[in-house]
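Working notes, structure below.
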Amino acid sequence: MQNSLQTLKAFYKTPETPESFFLSLEGIEGSGKSTQVKFIEKVLINKGYRVLCLREPGGTEFGERLREAILRSSTPLHPLAECHLFLASRAQLLKEKILPYLSQPKSVVILDRYIDSTLAYQGQARKLGFETVLDLHHHNPLNLLPHRTYFLDIPLEVSWERQKQRGQEKDYFEAEKAEFYNDLIHGYQMTAKLFPERILTLDARGTVENVSQFIQQDIERIIK
Ligand code: T5A
């Protein structure tokens, strides 16, 4: 299994425009991804970069419609149906927004969730398996990987506490039980092991400022 995963990894590439970067943030619900996207955007704009922030699923008109269809679904979807909907949104986002933007120098795309969400949610928690998910991603343009991914790691209790404080109605995934979330956290830990050169795991239980500080230090190293 480990061998075939390594073979699949060989199909992936990162964008190559000079001084342009593709970043993604990952983690379970309430881990602070959207909060940190705004912070990274400010840091990079101050350093003279063009910055485009996007979310998944969504980011295009078509993708936003898929987002509604998934997150408001009142019937359980087959894991393969779920997976293909996320991939459809991703392929469209790459074509319409990410690839054109990254073809310009000094440009950064910051994405709130990407391939590692599919590995953790559909691959691990929905039990499709990492090989199936990676296999579906090895065709152009889905084989594009970020230069850096920040995995904001929080325990389930912190996620539930932050969701409670926010007080919004639960969506399709937020209504899942503890077992699903524990699988999910395990799935993220597995992705971090599979892509150690790309994924940086951060303890995101601390304050917003603490987490931002770690990310900023890493960004300074990447863009030099
Ligand atoms: N999905 C997605 C899949 O199953 N497969 C896929 O391939 C993809 C792409 C998308 C759903 O789709 C699933 C995963 C998701 O279930 P979403 O709404 O985009 O849903 O994602 P969520 O993770 O649900 O978004 P959240 O808003 O809940 O989480 P964030 O963005 O991680 O958290 P954030 O920044 O909004 O913060 C949440 C709250 O915590 C506070 C914030 O102020 C906010 O109130 N907070 C902190 N509090 C204390 N300390 C900190 N360090 C804090 N950081 C943030």
Distance from a point 7 Å along Cα→Cβ of GLU209 to each backbone N in region 137-178: keep the residues under 14 Å and list them by number. none
How high is the relative contact order of region 1-80, in percent, with contacts defined as C-alpha pairs under 8 Å that are six or more residues apart? 10
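Under 12 Å from the Cβ of PHE180, count the other residues' Cβ atoms, weight Lys and Arg +1, Asp and Glu -1, and hand me the total. Display every interim value, and only then the final one.
Details: positive: ARG126, LYS127, LYS177; negative: GLU29, GLU174, GLU176, GLU179, ASP183.
Result for the local shell: -2.
Quick one: net charge of GLY58's neighbours, Cβ under 14 Å, K/R +1, D/E -1? Mind showing how you got there, number by number?
Working: positive: LYS33, ARG55, ARG65, ARG67, ARG72, ARG90, LYS97, ARG113; negative: GLU56, GLU61, GLU64, GLU68, GLU96, ASP112, ASP171.
With Lys, Arg at +1 and Asp, Glu at -1, the neighbours total +1.
Treat the count of other C-beta atoms within 10 Å as a stand-in for reagent exposure and order THR201, THR14, THR149 from fewest to most. All intermediate terms of the calculation are to be shown ahead of the outcome.
Numbers: THR201 18, THR14 13, THR149 22.
Ordered from fewest to most neighbouring Cβ atoms within 10 Å, THR201, THR14, THR149 come out as THR14, THR201, THR149.
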Among the listed pairs LYS9/LYS127; LYS42/LYS170; LYS13/LYS193, which have their C-alpha atoms separated by more than 22 angstrom in this model? LYS42/LYS170
Proxy exposure order for LEU66, LEU52 (fewest C-beta within 10 Å first) is LEU52, LEU66
With θ set to phi - 60°, apply the Karplus curve 6.51 cos²θ - 1.76 cosθ + 1.60 along region 122-139 and write out the HN-Hα couplings as whole Hz, x wherever there is a Gly or Pro. 7, x, 8, 5, 8, 6, 6, x, 5, 4, 4, 5, 5, 4, 5, 9, 8, 9
What is the spin-label model distance, in nm, from ARG72 to GLU157 if the labels are put 7 Å beyond Cα along the C-beta direction? 3.6
Square roots of five times the C-alpha gyration tensor eigenvalues of the chain, ordered largest first and given in whole Å, equal 25, 22, 18
Which trypsin sites (Lys or Arg not before Pro) in region 141-205 sit in a loop by DSSP (not H, G, I, E or B) and have at most 13 other Cβ atoms within 10 Å of their own Cβ? LYS170, LYS177
List the residues whose amide H sits under 5 Å from the amide H of ARG55, counting only those 5 or more places along or on another chain, with H placed 1.01 Å from N in the peptide plane. ASP112
About the Cα centre of the chain, what is the dipole size in debye to 20, counting +1 per Lys and Arg Cβ and -1 per Asp and Glu Cβ, all else neutral? 500
The FRET efficiency for GLU19 and ASN140, from their Cβ-Cβ distance with R0 = 22 Å and rounded to 0.05, is 0.40
The chain, relative contact order [Cα under 8 Å, separation at least 6], %: 32
Gained length - GLN189 relative to LYS9, 0.36 nm times residue gap less alpha-carbon distance: 63.1 nm
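Every read-out reported here was derived from the displayed coordinates using simple, explicitly stated rules and does not represent laboratory data. In this text the structure is predicted, and so the values were computed from the model without any measurement. Cβ: placed from backbone, ideal geometry, glycine included. Neighbour counts: every protein chain shown.
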